[in-house]
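The values are calculated or read from the model by the stated rules, or taken from the named source; none is laboratory data. In this text, all values refer to a predicted model and were calculated from it rather than measured experimentally. Cβ sites come from the backbone with ideal geometry, for glycine too, and all protein chains shown count toward neighbours.
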Amino acid sequence: MTKSYCVRGAGLGLRRGHMLRDLLDADPKQVQFMEVAPENWIGLGGSLGKRFREYTERFPFVTHGLSLSIGSPAPLDVEFVKSIRAFIQEHHILQYTEHLTYCSDNGHLYDLMPSPFTPEAVHYVADRIRQVQDILGQRIAIENASYYAAPGKEMEEIDFIKAVLEEADCDLLLDINNIYVNSVNHGYDPVEFLQALPGERIAYSHIAGHYNEAEDLIVDTHGADIIDPVWALLDKAYETFGVFPTLLERDFNIPEIPVLLKEVDQISRIQEKWQPDSAIAHG
């Protein structure tokens, strides 16, 4: 049975600046859906709000949150979740996703910190995800995060992710680059990790570039071109789970639109390799 997704094909994360200004005029037929961080767009008016509306009226949209802080010891910000719900309804957003991290504890930490890999954290985070899903009235997807240390670790990362997804009964936003980054930083096989994930829970995926700080330390920056091993991991993911929607993230050093779209085209080419008889339409 073929899995149904809320979006399809290759997508692109929308950012302000020249991308917001120029992308529509480029008529990017290869972009089949888009994504924004809702925190950057909620309540936005004026010319920016009008331009954003032009995008949401043309493209299917999903959202990827930055500050829900699902693993935080601080109480869940219910009013913030309600503002997300209003944003989803206003712009007909098809899915809300967040990081399996926390970024606040009686104040903002200005970074995404990994939830402790412990059974206690599984129950705690899963309960908060269920609360969010109840308020939003929809399933959400949680992203496997990049991390650089795991204090208090009692479980392997893969077991922690699978346990949270199962207990919360939520979907997975599969970040391909994060698997590669973590595999280098923590010394594991990225393909083995990938193939251990529950493919039936994949909502869509992210792919992005990163920065090599050292031979054994990679920083997930979304500020560079995607390297061949990450493309190969996406290819292996389609081989393993079948083709699923995949979105390009580029947050910094954003090139001109024609250059940026070449990586969206590359996503489409890999999808077509594993789905040759299905029309992954470009418009």
Criterion: surrounded by 22 or more Cβ atoms within 10 Å (Cβ to Cβ) and either closer than 23 Å to residue 93 by Cβ or modelled with pLDDT of 95 or more (or both) - qualifying residue of 192, 154, 143: 143
Output for the stretch 244-269, where each listed residue is in contact with a Ser or Thr (Cβ under 8 Å, 6 or more places away or on another chain) and either under 21 Å from residue 4 (Cβ atoms) or among the small types (Gly, Ala, Ser) (or both): 244, 245, 246, 247, 267
Pick out the one residue from 247, 260 that is in contact with a Leu (Cβ under 9 Å, 6 or more places away or on another chain) and in a strand (DSSP E or B). 247
Of all residues in the stretch 262-276, which are crowded, with 20+ Cβ neighbours inside 10 Å and either of a type in the set (Ser, Thr, Tyr) or in contact with a Pro (Cβ under 8 Å, 6 or more places away or on another chain) (or both)? 264
Does residue 135 satisfy the condition of being crowded, with 18+ Cβ neighbours inside 10 Å and in contact with a helix residue (DSSP H, G or I) (Cβ under 9 Å, 6 or more places away or on another chain)? no
I'd like to check something: does the stretch 43-64 contain any residue that is under 22 Å from the mean Cα position of the chain (by Cα), aliphatic (A, V, I, L, M) and surrounded by 19 or more Cβ atoms within 10 Å (Cβ to Cβ)? yes
Flagged in the stretch 238-249 as within 15 Å of the chain's Cα centre (by Cα) and either modelled with pLDDT under 95 or of a type in the set (A, V, I, L, M) (or both), in numbering order, are 247, 248
